[in-house]
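Please read the structure below before turning to the comments.
The values are calculated or read from the model by the stated rules, or taken from the named source; none is laboratory data. Quick caveat, the model's predicted, so the values are computed rather than measured. Counting neighbours? That spans all protein chains shown, and the Cβs are built from the backbone with ideal geometry, glycine included. For accessibility, only protein heavy atoms count, side chains too; no ligands or nucleic acids. Shrake-Rupley method; radii C 1.70, N 1.55, O 1.52, S 1.80 Å.
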Amino acid sequence: MAAYYPETPTAEDRSSMGAFVRALGRFYPCESCAEDFRRDIDQHPPDTSSRTALAAWWCQAHNRVNRKLGKKEFDCSRVDERWLDGWKDGSCG
């Protein structure tokens, strides 16, 4: 989703994405996960200023969850390679 967000979003784009993130925290099917996500976005509001900023925000949010779950973190410098451009080695990932 963030991979195709505008690099120079309009005010409406920014508002819509912020509303989407808040709605996800409200309607996520796992209530304890939703509550945790709402707390997280209160502490780390989404950066909707650009495609690059939003992609980094989502990756960092994902990694905060991975840390809580004891999972490996994703290298956020590879967000575009994973979600936009494709892996440099041509694999599907």
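Take the chain and mark each of the trypsin sites (Lys or Arg not before Pro) that is in a DSSP loop with at most 12 other Cβ atoms within 10 Å; the longest unmarked stretch, sites excluded, is 1-70. Placing MET1, MET17 in order of accessible area, with the largest value first and a 1.4 Å probe, yields MET1, MET17. Where only DSSP H runs of four or more residues are counted, the chain gives -17500 deg cm²/dmol as its mean residue ellipticity at 222 nm, each run worth -39500 (n - 2.57).
How would PHE27, PHE20 line up by accessible area, probe 1.4 Å, largest first?
Numbers: PHE27 140, PHE20 85 Å².
Descending accessible area places them as PHE27, PHE20.
Ignoring ligands, DNA and RNA, what percent of the 1.4 Å accessible area of the chain is carbon and sulfur? Before the final figure, lay out the partial values.
Numbers: 3450 of 6400 Å².
Ligands and nucleic acids excluded, carbon and sulfur give 54 percent.
Provide the per residue accessible area, probe 1.4 Å, for the chain, rounded to a whole number of square angstrom.
Values: 6400 Å² over 93 residues.
Here the per-residue accessible area is 69 Å².
When the chain is fully extended, how far beyond the present Cα-Cα distance does ASP13 get from ASP36, taking 0.36 nm per residue of separation? Mind dumping the intermediate values first?
On the way: separation 23, 0.36 × 23 = 8.28 nm, distance 2.51 nm.
So the extension gain works out to 5.8 nm.
When only Cα pairs below 8 angstrom with a gap of at least 6 residues are kept, the stretch 1-83 shows a relative contact order of 35 percent. From the Kirkwood radius over Cα pairs of the chain, Stokes-Einstein at 10 °C and 1.306 mPa s returns a whole-number translational diffusion coefficient of 112 µm²/s.
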